[in-house]
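Q: Mind looking over this structure? Questions follow.
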Amino acid sequence: MDRIADLWGPRTPHAKGTVWPARVDQYLADGLAEDQVDRWVQSACLLCSNGCGCEIAVRDGRMVGIRGRAGDVVNHGRLGPKGLYGSTPWASSPDRLTHPLVREAGRLVETDWDTAMARIVEVSRRLLADKGPLTHGFYTTGQLFIEEYYTLGVIGKAGLGTPHMDGNTRLCTATSAAAFKESFGADGQPGSYTDIEHCDAIFLYGHNMAETQTVLWSRILDRTRAADPPLIVCVDPRRTPVAREAERTGGVHLAPRVGTNLALMNGLTRELFVNGWVDEPWVRAHTVGAADLRSIVEPYTPREVARVCDVDAGELSRAARIFGESRDVLSTVLQGFYQSHQATASAVAVHNLHLLRGLIGRPGSGILQMNGQPTAQNNRECGADGDLPGFRNWDNPNHVRELAELWNVDPLTIPHWSPPTHAMQILSYAEEGSIGLLWISATNPAVSMPESARVRRVLAGDQCFVIVQDLFLTETAQLADVVLPAAGWGEKTGTFTNVNRTVHLSEKAVDPPGEARSDLEIFLMYADAMDFRDRDGAPLIRWRHPEEAFDAWREASRGRPVDYTGLTYEKLRGPTGIPWPVNDQAPEGTDRLYTDAVFPTDTDRCETYGHDLLTGATVTEQEHRALRPAGRALLKGARHTPPHETPSEDYPLLYTTGRTVYQWHTRTKTGRARTLNDAAPDAWVELSVADAARLEITEGDVVRVESPRGAIQVRARVGQVREGAVFAPFHYGAWDPAGLDVDASPSRQANELTMTVWDPVSKQPYFKTAACRVTKIRAGAGPAPAPTTAASAPATDGVPPTAGGPPTTTRRVDTPHYPNDPGAR
């Protein structure tokens, strides 16, 4: 089977309330047969946030393929195109980093570990002695393991005492975490993937699941292609496969004007109130704030929403009716909301809909505020970003004291005197030099951050010493003062947690190349060289191995909503990942949260006291106590305001960025998988048929797309985006496997155009609301390099279909028993 051409594989339809049938997908490189594999090693896929259980094929000390695990609750044996074709080729790429590099006379040159670490430690100690811990900043990722995040969190918060720690999860899913905290008192996904099997309707808000989580979308297709399908409602400015499935199932596709999500959500919420679809007794017993919310949404009539969002008023009302009258509804949310205007308020509005109907904590009625990365959840849990470990409240002295006792340090060492520093502010501090050491691990901000030209200037400047820890010499690593070669997936052991809280153990399958070391080893090397000590003079970091680090994290999670104390490596070596909390009360894990409608909102337990969704102003402890939440969820709202940048005569279109199914982030791995790169080899921009006709642009023409901040020059796809909007994939930076001379070519980097503007609550940057103009440069020699298989499909015929994947195998197997699956009972 060619899984480039067939993104989701063969269908296995099944009835509502029954278990999703198992199907094992497998790919072996170089035409290998299964009996030629030396061994299979347990893991889970790291090329989207779904967290599919898998096994790595090893032959002659190399990773040579992958197959799904039939018994895993997440994927029931399935894998997507990126997982199949992109999981292993990068590991054997000839341009892997194999030795540390240091900058000498403006050039990066090879050195040994002792020399590289000595240079880091010398700068670190000098800055600490001269100006203190606020000189240190850490910018990490959503792709490390729990053991590595927790170790980094302890180093930063207890060893150094710096508040300047964040991850690229700030660009990706910070809004998910913020919305959970605002509504429910703490982070943590309420719903479960098993809700797909039990729901009557699925609402996808800014979530092109068909491309971002292909296996999860195949799970939905196996319901929508059965005899009793759920209705699909899609909110997206592009006509994605999700939108087409909404139309096919008799659901609704709402394509709001870019930057108007909150107005649309307020309109849906108002419809629940005015049509009597609110479960008044449940709301009175389990929520706070219904009256205020009703007052906020009252002006958002279908007619007003139609005016603001440019959607059909009748379709809005029909979508609201589906939500209001369906017995069980599943909602999913992703970057179309998180990276757009009024992000947290829009994500919280999804919670409001569920709370008003009491649709939470039961099979089929779940909320999945999705992650974009496979281990983003762990960054939030373990404190390597701006959060304290274990979903603790930085503003609660008792929570800080708990950590101080756990780590045996003075509570004043742990930064909690002001809100943690978010990624965009960290960059600003590095720009002005108040952060003099910036340590970047497993991420590529020179491509992924907004306003790319500014980011490159900051990282290349002399005012800040930059360390990059990665697999390859990325665009960011090329600007660093020290580069540390890291081991990747399959080359180290550790645990990680996917979107729906399922924890997997990933075992080491092969050795890393050359002198590359695991991220855990690198962090421990720094901690040892800095000689971090606790208040009794003992080493601050006592663990040496991944399992010891995991045990330390388990203890940090004890008694918190994110409780791992019932998990061990031995338990995770079973047939499936296990969703937290796992403890004495839930020894086999927890499929969904809030089944008792009790939320962690108590003032002494919550992770935050909350914010004003419009301004970001913080709620004080006294104000929070006055609400008397007592385990009730918080209904919160905000009025819609115009986005920061709107179309003008000079810039008449709205620019938005996103993903394509065949590439992952900045292509550090997928760009080195020839099969995936051939399917989406270069950048493009998508225009609507109407806008293309007005601008006299045809398929494949070379165009210049320009905003007040920068410009790119790429080929045009005349496609499925709504009129007035322009879409560009963000994956493509300066590096190109085909050897494109980007220095001599105009930029194709989508974030040249985006803004340094962020949400007032989650601090997540807005990648999806910028004004732009598009100008034709010359006629193209062929179609745009955009794939034809999903949302980037052309609007006209004549473009060759995307295909060419080496054969994979797929086989039906007997469906195992999955713990916690309500359908299995």
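The values are calculated or read from the model by the stated rules, or taken from the named source; none is laboratory data. In this text, all values refer to a predicted model and were calculated from it rather than measured experimentally. Cβ sites come from the backbone with ideal geometry, for glycine too, and all protein chains shown count toward neighbours.
Yes or no, residue by residue, for (1) within 28 Å of residue 53 (Cβ to Cβ); (2) in contact with a Gly (Cβ under 7 Å, 6 or more places away or on another chain):
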| position | (1), (2) |
| --- | --- |
| 277 | no, yes |
| 291 | no, no |
| 373 | yes, yes |
| 383 | yes, yes |
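Q: If residue 623 satisfies every condition in (1) out of contact with any helix residue (DSSP H, G or I) (no Cβ under 6 Å at 6 or more places or on another chain); (2) outside the structural domain of residue 236 (by TED's automatic domain parsing) but one, which is the exception?
A: Only one criterion is unmet by residue 623, namely (2).
Q: Identify the single condition in (1) surrounded by 21 or more Cβ atoms within 10 Å (Cβ to Cβ); (2) outside any strand (DSSP E or B); (3) among the polar types (S, T, N, Q) that residue 495 does not satisfy, given that it satisfies every other one.
A: The one condition residue 495 does not meet is (2).
Q: Moving to a separate point now. Only helices (runs of 4 or more DSSP H) wholly contained in region 284-349 count here; list those with 2 or more residues that are of a type in the set (Phe, Trp, Tyr).
A: 335-338
Q: From the list 403, 412, 427, which residue is more than 26 Å from residue 758 (Cα to Cα), hydrophobic (A, V, I, L, M, F, W, C) and surrounded by 23 or more Cβ atoms within 10 Å (Cβ to Cβ)?
A: Unique residue meeting the criteria: 403.
Q: Sticking with this one: Looking at region 478-488, can you tell me whether even one residue there is within 28 Å of residue 176 (Cβ to Cβ), in contact with a Gly (Cβ under 9 Å, 6 or more places away or on another chain) and crowded, with 24+ Cβ neighbours inside 10 Å?
A: No, every residue in region 478-488 fails to be within 28 Å of residue 176 (Cβ to Cβ), in contact with a Gly (Cβ under 9 Å, 6 or more places away or on another chain) and crowded, with 24+ Cβ neighbours inside 10 Å.
Q: Which members of region 599-618 meet the condition of being in contact with a helix residue (DSSP H, G or I) (Cβ under 8 Å, 6 or more places away or on another chain) and surrounded by 14 or more Cβ atoms within 10 Å (Cβ to Cβ)?
A: Listed by number, the residues that qualify are 599, 600, 601, 603, 606, 607, 608, 609, 610, 611, 613, 614.
Q: Among the residues of region 12-28, are any in the same structural domain as residue 502 (by TED's automatic domain parsing), of a type in the set (D, E, K, R) and free of Cβ contacts under 8 Å to residues at least 12 places away in the same chain?
A: no
Q: Take the conditions more than 30 Å from residue 770 (Cβ to Cβ) and in contact with a Lys or Arg (Cβ under 8 Å, 6 or more places away or on another chain) and apply them to residue 607. Does it pass?
A: In short, yes.
Q: Checking residue 184 against (1) surrounded by 24 or more Cβ atoms within 10 Å (Cβ to Cβ); (2) in contact with a helix residue (DSSP H, G or I) (Cβ under 7 Å, 6 or more places away or on another chain), which single condition isn't satisfied?
A: (2)
Q: Give region 280-292 a look and list any residue that's among the small types (Gly, Ala, Ser) and either in contact (Cβ under 8 Å) with a residue 24 or more places away in the chain or outside the structural domain of residue 353 (by TED's automatic domain parsing) (or both), or say none.
A: 285, 289, 290, listed by residue number.
Q: Next up: What pairs come out if I take residues in region 692-703 that are assigned by TED's automatic domain parsing to the domain that holds residue 773 and surrounded by 17 or more Cβ atoms within 10 Å (Cβ to Cβ) and pair them with residues that are in a loop (DSSP other than H, G, I, E, B) and among the hydroxyl-bearing types (Ser, Thr, Tyr) whose C-beta lies under 9 Å away, six or more apart or interchain?
A: 692/698; 699/796
Q: Scan region 391-423 for residues that are outside any helix (DSSP H, G or I) and closer than 30 Å to residue 214 by Cα and jot them down.
A: 391
Q: To continue, here is another question. Looking for something buried (at least 24 other Cβ atoms within 10 Å of the Cβ), part of a loop (DSSP other than H, G, I, E, B), of a type outside the set (S, T, N, Q) and more than 19 Å from the chain's Cα centre (by Cα) - is there at least one such residue anywhere in region 362-372?
A: yes
Q: I've got another one for you. For the structure I just gave you, tell me whether residue 640 is out of contact with any Pro (no Cβ under 6 Å at 6 or more places or on another chain), modelled with pLDDT under 95 and not aromatic (Phe, Trp, Tyr).
A: no
Q: Sticking with this one: With region 674-765 as the region, which strands (runs of 3 or more DSSP E) entirely inside it contain at least 3 residues that are more than 25 Å from the chain's Cα centre (by Cα) and closer than 18 Å to residue 237 by Cα?
A: 711-718
Q: Now a separate question. For region 569-614, which residues satisfy the criterion of being among the charged types (D, E, K, R) and in a loop (DSSP other than H, G, I, E, B)?
A: Within region 569-614, 573, 584, 588, 591, 592, 596, 602, 604, 605, 607, 612 qualify.
Q: Give 788, 796, 802 a once-over and let me know the one that is modelled with pLDDT of 95 or more, part of a loop (DSSP other than H, G, I, E, B) and surrounded by fewer than 20 Cβ atoms within 10 Å (Cβ to Cβ).
A: Within the list 788, 796, 802, the selection yields 788.
Q: Here's another thing I want to ask about it. List the pairs whose first member sits in region 543-554 and is more than 17 Å from residue 508 (Cβ to Cβ), whose second member is basic (Lys, Arg) and at pLDDT 95 or above, and whose Cβ atoms are under 8 Å apart, counting only residues at least 6 apart or on separate chains?
A: So the pair list comes out as 552/542.
Q: Out of 657, 666, which single residue is within 27 Å of the chain's Cα centre (by Cα), of a type in the set (Ser, Thr, Tyr), outside any loop (DSSP other than H, G, I, E, B) and not assigned by TED's automatic domain parsing to the domain that holds residue 243?
A: Going through 657, 666 in turn, just one is within 27 Å of the chain's Cα centre (by Cα), of a type in the set (Ser, Thr, Tyr), outside any loop (DSSP other than H, G, I, E, B) and not assigned by TED's automatic domain parsing to the domain that holds residue 243: 657.
Q: Counting only residues that are closer than 18 Å to residue 52 by Cβ and either among the acidic types (Asp, Glu) or not assigned by TED's automatic domain parsing to the domain that holds residue 24 (or both), how many does region 62-116 have?
A: Qualifying residue count for the region: 1.
Q: What number of residues within region 429-463 are in a loop (DSSP other than H, G, I, E, B), free of Cβ contacts under 8 Å to residues at least 40 places away in the same chain and of a type outside the set (D, E, K, R)?
A: Of the residues in that region, 3 qualify.
Q: Go through the residues of region 260-279 one by one and say whether even a single one is in contact (Cβ under 8 Å) with a residue 60 or more places away in the chain, out of contact with any helix residue (DSSP H, G or I) (no Cβ under 6 Å at 6 or more places or on another chain) and not in a strand (DSSP E or B).
A: no
Q: Can you find even one residue in region 450-460 that is under 30 Å from residue 569 (Cα atoms), in the same structural domain as residue 576 (by TED's automatic domain parsing), crowded, with 24+ Cβ neighbours inside 10 Å and under 23 Å from the mean Cα position of the chain (by Cα)?
A: No: zero hits.
Q: It is to be established whether one or more residues within region 807-819 are over 30 Å from residue 363 (Cβ atoms), buried (at least 20 other Cβ atoms within 10 Å of the Cβ) and modelled with pLDDT under 90.
A: No, region 807-819 contains no residue that is over 30 Å from residue 363 (Cβ atoms), buried (at least 20 other Cβ atoms within 10 Å of the Cβ) and modelled with pLDDT under 90.
Q: Can you name every residue in region 537-594 that is farther than 19 Å from residue 71 by Cα, of a type outside the set (A, V, I, L, M), touching a helix residue (DSSP H, G or I) at 6+ places or on another chain (Cβ under 7 Å) and crowded, with 22+ Cβ neighbours inside 10 Å?
A: Of everything in region 537-594, those that are farther than 19 Å from residue 71 by Cα, of a type outside the set (A, V, I, L, M), touching a helix residue (DSSP H, G or I) at 6+ places or on another chain (Cβ under 7 Å) and crowded, with 22+ Cβ neighbours inside 10 Å turn out to be 546, 550, 553, 564.
Q: Here is a further query. Just for region 626-650: of the residues that are touching an Asp or Glu at 6+ places or on another chain (Cβ under 9 Å) and closer than 25 Å to residue 397 by Cβ, which one is surrounded by the most Cβ atoms within 10 Å (Cβ to Cβ)?
A: By that ranking, first place goes to 634.
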